[in-house]
Each structure stands twice: as structure tokens, then as C-alpha cells.
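A.B. asks: The structure's right below; bear with me while I get my questions together.
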Amino acid sequence: MDTVKQTIIENFEEIMSKHDVRVLYACESGSRAWGFASSDSDYDVRFSYIHRTDWYLSINTENKRDVIEVPINNKLDINGWDLRKALKLFRKSNPPLFEWLGSPIIYLEQYSVFSKLRELATLCYSPVSCMYHYFKMAKGNNREYLKGKKVWLKKYFYVLRPILAVIWLERNMGIVPTEFQDLVEGVVVENNLKSEICKLLDAKKQGSELGYGPRNQLIGDFIDRELNRIEEQTLAKNVKKCPIEKLNELFRIALQEVWAYRKCAFELLSLMKIHWSALPLLKLRRRRSRSPPRIFCLESGGRFGSIDLFALSEIFINYFAYHPDR
């Protein structure tokens, strides 16, 4: 896992350099985050990033590409959303985005944006909107993969998880947890059904991806019964939306926090009469790229003259605190 994480971080460094953005948050999505990955499952890495302020200050912002996708390589599936896109989807209570926030595997989290999003989660979470999403997902996967005497066994999880999510929401238990086991423990009360689900889960986690096999009668009957029950209900139409001004404010804070800090660091070096060209002599280095250069990045273990880099970071933070206009 450490090797994989290092490769993922290296991908982010390349993304930030190539696109001149900053990655704010990155996590595992899909089967590894849900807790039913096989030994040969892909790594579904999802992230959010932010451009420089000027990128957003244009009359054609709506026409600009707001996703970054990396070609799948060595089981790494990496793609991300621009923060503006992520906030718009957050306002609509987009279930995958809330699952990112609850992912048990976080590869990178820097700046305060996503911790502030978590604080807004209950305000912006719409159970009704999420119910529609999960029911549609369960119904589609069931129709596609679980009809017939032989079924694609791993797809049981891709029908069970959204069904259990709907039940979780029906019981007013809060935001749907990302991990499948939490859903099973919180929702499934029949011991026989829980036992069958756990046996299937163990088989998937211990081996390779489950292929085709005979239909599981107990699980299959539960799925059919619950899908019919949910479909007969009339879901409410009052989809809740988060107050947009709170998200606008968060977006402005993110721009200030990410890019003003770097300006502050550059100006502090000027105040200390240190030119960026001297940084390599001090075990700091300036990145070279065709995109607008990042002023510098600190190398682990380096020292700034006789001042440890941890101390230098405190200087930056204190300077920024007393210069909020920077």
C-alpha cells in the first residue's frame, strides 16, 4: 500500500505541475473504500483541485473543462473535479461526493476546505435526493447483472449497498456511511441474511474478483422484495439545497488560503533579503516547468540556514496572521 500511495502522490505532483493547480483532497472511492475490494481490484482515486484565481475570472468559465482525468495505468484509476464543480454538486447533495468525504482511505488533504465541507455536510445533505440516486442505482444493477439462474456474483454488492443505503435513509439514521460493513451492521436485522452477506463478502475479499455463479436465493429474494417495496412508495419532492452563499464564501476562502499563502511566502523571502535563486544553496529548490513557476517547495530534511524548516513554517504562518490582506 505504501508503494501504491507513493505512486499516487507522484501522479498528483505531475498533475499540479502540468495543470498549474493545487490538489486539495484525494481519497479512495469504489470497492476499496466500501470495504469489499478483491486482491486484484483497481484503485479508484478521486480528488478535488483548485486553479489560480485568474482562471475563474473570465467570461468563458462555464465552457472551461472542470475535470482532470488520468489514463488508467497499473490498476490506478485517477480523476478529479475542480473545486467549483465539487461545490455545485455538494449543494445538490451528490452522493458520491459525500462518500468521498467519508472515505476511510485518504491519500491527501491539505488546506481547510474539506474540513469545512464536513462541517456543512448535515446542512447540505438531502436524504430525498440520495434516496432517488441509490434506488436508481440498485434497480439498474439488478436488472443488468442479477437476472437469470446464473448471475455475476460480485454485483450483489453493487445492488445490496444502495438498497441498504435507502433503508438507512428511511430510518433517519443520518448521512449514509461509506463503508459497506457499517450499512450491514446498522440496517440488516435478519441473522440468516446477514450471515449470507458476510460469507459472500469474505469470499470476495479473500480471493480475486467473483465471477458468475448460481443465484443466491436468500439474498436475491431480499433484493427483489426491497426493490418492489421501495418502488411502490411515493418519495417526497422537497429536495433540500444548501444555502449557496455559504459555499460561495468557502470558495473565496479556498482561493485566498491556497494562493495568498504562496504570495506571502515569496514576499517574506523578499523582506528577509533572500532571492529565490539562492534557495537551492539552502536545500530548497525552485520547480521548473512550462506552466507559471511555483516559487519554491521545501525538501524534507532541509534546513534554512540555521533555522529548522518547521520554525520557518511558523514564521510564514505568523506573518500571514498579521497580514490578512496578503
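The values are calculated or read from the model by the stated rules, or taken from the named source; none is laboratory data. Note that this is a predicted model, so its numbers are computed, not measured. Cβ sites come from the backbone with ideal geometry, for glycine too, and all protein chains shown count toward neighbours.
A.B. asks: If only one of Lys150, Lys136, Lys75, Lys92 is modelled with pLDDT under 95 and not assigned by TED's automatic domain parsing to the domain that holds Ser29, which one is it?
C.D. replies: Lys150
A.B. asks: Considering each of Thr53, Thr61 in turn, give the residue that is of a type in the set (S, T, N, Q) and either in contact (Cβ under 8 Å) with a residue 24 or more places away in the chain or under 24 Å from Gly207 (Cβ atoms) (or both).
C.D. replies: Answer to the selection: Thr53.
A.B. asks: Inspect all residues belonging to the range 134-154 and state whether any of them is outside any helix (DSSP H, G or I) and farther than 30 Å from Ser38 by Cβ. Even if it seems obvious, please write down each step before you answer.
C.D. replies: Taking the range 134-154 as the starting set, the residues that turn out to be outside any helix (DSSP H, G or I) are 146-154.
Narrowing the set further to residues that are farther than 30 Å from Ser38 by Cβ leaves none.
No, every residue in the range 134-154 fails to be outside any helix (DSSP H, G or I) and farther than 30 Å from Ser38 by Cβ.
A.B. asks: Out of curiosity, is Ile219 assigned to a helix (DSSP H, G or I), farther than 21 Å from Trp34 by Cα and among the β-branched types (Val, Ile, Thr)?
C.D. replies: no
A.B. asks: Now a separate question. Return yes or no: is Gly220 at pLDDT below 90, assigned by TED's automatic domain parsing to the domain that holds Asn142 and over 30 Å from Met16 (Cβ atoms)? Spell out the reasoning first.
C.D. replies: Details: at pLDDT below 90: no; assigned by TED's automatic domain parsing to the domain that holds Asn142: yes; over 30 Å from Met16 (Cβ atoms): yes.
Criteria not met by Gly220.
A.B. asks: Checking Pro177 against (1) part of a loop (DSSP other than H, G, I, E, B); (2) more than 27 Å from Leu120 (Cβ to Cβ), which test does it fail?
C.D. replies: (2)
A.B. asks: Write out, first by first residue and then by second, each pair whose Cβ atoms fall under 9 Å of each other, whose residues are 6+ apart or on separate chains, and whose first residue, in the range 192-217, is at pLDDT 95 or above while the second is in a loop (DSSP other than H, G, I, E, B) and polar (S, T, N, Q).
C.D. replies: So the pair list comes out as Glu196/Asn216.
A.B. asks: Check the range 26-47 and report whether any residue there is part of a helix (DSSP H, G or I) and of a type in the set (Val, Ile, Thr).
C.D. replies: Taking every residue of the range 26-47 in turn, none turns out to be part of a helix (DSSP H, G or I) and of a type in the set (Val, Ile, Thr).
A.B. asks: Are there any pairs with C-beta distances below 7 angstrom linking a residue in the range 107-121 that is closer than 15 Å to Lys246 by Cβ to a residue that is basic (Lys, Arg) and outside any strand (DSSP E or B), with the two at least 6 apart or on different chains, and if so which?
C.D. replies: Note: pairs meeting the criteria are Leu120/Lys246.
A.B. asks: Considering Ser17, Ser93, which residue is touching a Ser or Thr at 6+ places or on another chain (Cβ under 7 Å), outside any strand (DSSP E or B), more than 23 Å from Val258 (Cβ to Cβ) and of a type outside the set (Phe, Trp, Tyr)?
C.D. replies: Unique residue meeting the criteria: Ser93.
A.B. asks: Additional query: Check Ser48, Ser58, Ser39 and return the single one that is under 24 Å from Pro162 (Cβ atoms), not assigned by TED's automatic domain parsing to the domain that holds Cys198 and not hydrophobic (A, V, I, L, M, F, W, C).
C.D. replies: Ser48
A.B. asks: Same structure again: Go through Tyr156, Tyr125, Tyr111 for me and flag whichever is of a type in the set (Ser, Thr, Tyr) and more than 28 Å from Leu87 (Cβ to Cβ).
C.D. replies: After applying the criteria, what remains is Tyr156.
A.B. asks: Checking Thr61 against (1) surrounded by 14 or more Cβ atoms within 10 Å (Cβ to Cβ); (2) over 14 Å from the mean Cα position of the chain (by Cα): exactly one of these is not met. Which one?
C.D. replies: (1)
A.B. asks: Does the range 186-201 contain any residue that is in contact with a Ser or Thr (Cβ under 8 Å, 6 or more places away or on another chain) and within 16 Å of Asp224 (Cα to Cα)? Break it down into steps so the answer makes sense when it comes.
C.D. replies: Step one: list which residues in the range 186-201 are in contact with a Ser or Thr (Cβ under 8 Å, 6 or more places away or on another chain), which gives none.
No, there is no match, as no residue in the range 186-201 is in contact with a Ser or Thr (Cβ under 8 Å, 6 or more places away or on another chain) and within 16 Å of Asp224 (Cα to Cα).
A.B. asks: Please determine, by comparing only the residues of the range 113-169 that are buried (at least 16 other Cβ atoms within 10 Å of the Cβ) and β-branched (Val, Ile, Thr), which one is nearest to Ala203 (Cα to Cα).
C.D. replies: Val151
A.B. asks: Then there is this: Anything in the range 48-85 that is touching a strand residue (DSSP E or B) at 6+ places or on another chain (Cβ under 8 Å), farther than 24 Å from Tyr158 by Cβ and not in a strand (DSSP E or B)? List them, or say none.
C.D. replies: His51, Asp66, Leu83, Lys85
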